[in-house]
Structure formats: structure tokens, C-alpha cells
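The values are calculated or read from the model by the stated rules, or taken from the named source; none is laboratory data. Everything numeric in this text was worked out from a predicted model, so none of it was measured. So basically every Cβ, Gly included, is an ideal-geometry build from the backbone, and we count neighbours across all protein chains shown.
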């Protein structure tokens, strides 16, 4: 997989691209609890999906391979946002990269009409489709989400299979949005 200019600044340069398209992983039974735990930093994810912790631990290793960096792509603001699980041994993290169309869409958005306090992207641009919403969530909103955002996240969680402690999981996800937008 290639994302223009993303790997260009790595020093030392990478010999080959470690980026892999992982968007299809969302169909796996353990994907959502693993993704929300690993990427969303939500410790309550395993309980919300009632999964076996040993199975989940094995699945989570897919997110940690130094030679394979999962990339998840979601539509946003008329373009695309790529979530990249960067697995550099000494500098791991989550990056969000907006393509040119998404950057233009964000600039054109009337942030005065959406709840936005400058921390993350405006709530009004959050995708409506549940899987895209949950993948994009860490890049959105101010640190004090409103009741509507809470309900929206709860609905998305139910849509992807969460059955227990959904309010707690939504709280976890809404309080841990520390991804860097590039």
C-alpha cells in the first residue's frame, strides 16, 4: 500500500513500505474489541464485546508487527482519512493523514455551525456510517463532548456488536482521542 509522502520523512529511510491495507479486518469477529483497545485506548472494550481475553491478546498482535503497519481508510469531508498504526520499534504511535480532498473539506466546513473547540476535527464532519465513525473518532472533537456525541458513539458501538457496558466504552473512547493528524 502506498500513501503519497507519508513515508518520505522517516529517518533513516525505510527500505520498503511496511504499510498494509487493513480495512478488511473490520469483518473479523475480534476486530472491534481489538481495534478499540489498541487504537482507541479503551480498556473497557473487551468487556463490552464479551470476548475471551486470550483470543483477543493473540488478535491484538496484528496491530504490533514492526514490518506491517495496518492502515485503515475512512471517508471524511469529501476525501479520505488514513489511520496508520506506526510500529517503529522506538517510536510507535497512531497517525491520521488527511488526503488533499479531506483537507479542503475541513477548511470549507463552517466550524461555527458545529460543536468545535479546536481540539481535533469538528464533530460535524464525523462520518455517519458506524465503522467509519469508530475508526475516525480519535481524531475528532473537543475534550468535552456533548450528550449527542455520546449517544452517537453508543449507537455506533451497538451497530458493530458491543452488548455490555456500552456507556462505559463510549466514555472511554470519548476521553482518549490523542492521535496526531498530519
**Request:** Considering (1) within 29 Å of residue 10 (Cα to Cα); (2) not in a strand (DSSP E or B), say which one residue 80 fails and leave the rest.
**Result:** (2)
**Index of the failed condition, residue 129 passing every other in (1) at pLDDT 85 or above; (2) in contact with a helix residue (DSSP H, G or I) (Cβ under 9 Å, 6 or more places away or on another chain); (3) buried (at least 19 other Cβ atoms within 10 Å of the Cβ)** = (3)
**Message:** If I ask for residues that are in a loop (DSSP other than H, G, I, E, B) and either modelled with pLDDT of 95 or more or under 17 Å from the mean Cα position of the chain (by Cα) (or both), which ones from the range 18-49 would you list?
**Reply:** 18, 22, 28, 30, 39, 40, 41, 42, 43, 44
**Request:** State all residues of the range 72-104 that are modelled with pLDDT under 90 and within 13 Å of the chain's Cα centre (by Cα); if no residue qualifies, say none.
**Result:** 93, 94, 95, 96
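Return the only residue of 74, 106, 85 being free of Cβ contacts under 8 Å to residues at least 40 places away in the same chain and either at positive phi or in contact with a strand residue (DSSP E or B) (Cβ under 9 Å, 6 or more places away or on another chain) (or both).
106
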